[in-house]
1. If we sort 95-104, 71-80, 110-119, 124-133 on the protection proxy, mean other Cβ atoms within 10 Å, highest first, what's the order?
2. Note down the Stokes-Einstein diffusion coefficient of the stretch 13-78 in µm²/s, whole number, using a Kirkwood radius over alpha carbon pairs, 25 °C, and 0.890 mPa s.
3. Can you compute 3J(HN,Hα) from phi for each residue in the stretch 6-23, using the Karplus curve 6.51 cos²θ - 1.76 cosθ + 1.60 with θ = phi - 60°, rounded to whole Hz and x for Gly and Pro?
4. Tell me what the chain gives for mean residue ellipticity at 222 nm when only DSSP H runs of n ≥ 4 count, each as -39,500 (n - 2.57), the sum divided by the residue total, rounded to 500 deg cm²/dmol.
5. Return the long-range amide H neighbours of Y27 (sequence gap of 5 or more, or a different chain), with a cut-off of under 5 Å between placed amide H atoms.
6. Beyond 19 Å, what share of the Cα-Cα pairs of the stretch 60-114 remains, rounded to the nearest whole percent?
7. With a sphere of radius 13 Å drawn around the Cβ of G76, what net charge do the other residues whose Cβ falls strictly inside it have (Lys, Arg +1; Asp, Glu -1)?
8. Taking only C-alpha pairs under 8 Å that are 6+ residues apart, what is the relative contact order of the chain in percent?
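Since every read-out is calculated from the coordinates, none of them should be taken as a lab result. What you see is a predicted model; the values in this text were computed from it and never measured. Counting neighbours? That spans all protein chains shown, and the Cβs are built from the backbone with ideal geometry, glycine included.
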Amino acid sequence: MPQYDLYHNEVKNALSKDGWTITNDPYTLEYKGLRLYADLGAEKLLAAERAEQKIAVEIKVFNSSSQVTELQKTIGQYNMYRSILRRVNPDRKLYLAIPQEVYQDFFQQPAIQDIVSDQTINLFIFDPDKEVIIQWLN
């Protein structure tokens, strides 16, 4: 089993407060003998559309000595998860969850914004202290 990220429980609580039901902890991705684990799977009923939205969430805190190196690893991991999700569960959307402080400091750099945009990474920003979701970015 994978090791929990620093803010694992805070993200779970933030999703729950936002009306999401945690369905998988972790969310297992299996494809042709490969098994990977995203941090969480969640579902939310969208009353207006009478449909259910499903997501998989990978949590990253970017607390290593090199945030650029961590982003490189994260992009590779995110792309692998997204590739498998498209094949085994295409109705589930993948999100990268990052703390608000990391978003404000590191992810606001123009080069980082371009990379995230080019890679079409879905983000949600959370406040780990208040355990709330601040913003969803698709």
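1. Averaged packing, sorted descending, gives the order 95-104, 124-133, 71-80, 110-119.
2. For the chosen part, D equals 178 µm²/s.
3. 3, 9, 4, 5, 5, 5, 4, 5, 5, 5, 4, 4, 8, x, 8, 9, 6, 9
4. Details: 4 runs with 47 residues, N = 138.
When only DSSP H runs of four or more count, the value is -10500 deg cm²/dmol.
5. When sequence neighbours closer than 5 places are left aside, the close amide H contacts are A38, D39, L40, G41.
6. 34 percent
7. Net local charge, G76 excluded: +1.
8. Normalised by residue count, the contact order of the chain is 23 percent.
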